[in-house]
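Here, each number is a calculation from the coordinates, and none is a lab measurement. Because the structure is predicted, anything quoted here is derived from the model rather than measured. Note that we place each Cβ from the backbone using ideal geometry, even for glycine, and neighbour counts take in every protein chain shown.
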Amino acid sequence: MILEAFASKTSMPLVFVGNWNNSNFGIELRQRYAAKLNIHLIDPIYDIGVLRTLRQNAFIYIHGHSAGGTNPSLVEMMHFGLPILSYDCVFNRFTTEDSAIFFKDADSLRINLEKIKPDEAANIGSDIRRIALKRYTWAAIGKAYFDLLLGIEDYNNKY
């Protein structure tokens with residue numbers, strides 16, 4: 001979906017990090033889209049410094065995962081304060097508190113990319129980062145676990 005949207009929208013570049021050689025599907029996608037001048041298919045990056053530099057310098061983050069709960073890559077990107085265009089599913093809506101821009105298919109992704117303005121992008125990024133700092137820090141998550149454990153202890157003491 002993401003590659004299809006960018007293949008038809010040549011004015012914006014896409015840097016897509018993935019394990020393109022790990023499956024026949026990945027190999028086929030690389031072959032189909034590698035010739036597009038605005039699409040850069042990058043092999044996996046395991047150096048956290050290089051990955052951080054790439055993330056910090058992005059204009060927008062596109063999150064294409066559609067299942068699995070709170071996705072670590074989405075949470076990580078929320079801390080960068082970038083606007084997020086996310087696949088529209090309940091998990092991604094919950095994680096971003098409905099503050100991302102959502103898409104269901106290549107056409108809706110392309111339309112959202114074309115209409116987003118820099119000031120709107122900055123506001124979305126700011127809102128997303130605020131959510132990340134409120135909900136997705138070690139302190140917040142640790143507190144939630146302790147609250148849960150203390151609640152279980154209180155429950156057990158009552159019954």
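For the options GLY68, GLY18, GLY125, a Gaussian network treatment of the chain with springs between C-alpha atoms closer than 10 Å singles out GLY68 as fluctuating the most. Take the Cα of HIS79, step 7 Å toward its Cβ, do the same at ASP107, and the gap between the two points is 3.9 nm. Only helices enter the 222 nm calculation for the chain: every DSSP H run of n ≥ 4 contributes -39,500 (n - 2.57), and dividing by all residues gives -16500 deg cm²/dmol, rounded to 500. Neighbour counting of Cβ atoms within 10 Å sorts the residues ILE60, ILE141, fewest neighbours leading, into ILE141, ILE60.
Roughly how many Å is it from the Cα centre of the stretch 1-70 to that of the stretch 75-145, as a whole number? With the stretch 1-70 and the stretch 75-145 each reduced to a Cα centre, they are spaced 18 Å. Exposure proxy shown here: for TRP138, TRP20, the number of other Cβ atoms within 10 Å sets the order, fewest to most, as TRP138, TRP20. Among (i) 64, 47, 38; (ii) 70, 30, 17; (iii) 65, 38, 30, which one is Cα extents along the principal axes in Å computed from these coordinates? The listed entry that was calculated here is (iii). Each residue of the stretch 84-95 was assigned a 3J(HN,Hα) from its phi angle through the Karplus curve 6.51 cos²θ - 1.76 cosθ + 1.60 (θ = phi - 60°); the sequence is 10, 9, 10, 4, 7, 8, 4, 5, 6, 5, 5, 4 Hz, with glycine and proline shown as x. Taking neighbour Cβ counts within 10 Å as the exposure measure, how do TYR87, TYR61 sort from fewest upward? The order, fewest Cβ neighbours first, is TYR61, TYR87. Principal-axis analysis of the Cα atoms of the chain puts helix 106-115 at an angle of about 90° to the longest axis. The simple Förster model, with R0 at 25 Å and r as the Cβ-Cβ distance, assigns SER23 and LEU133 a FRET efficiency of 0.10.
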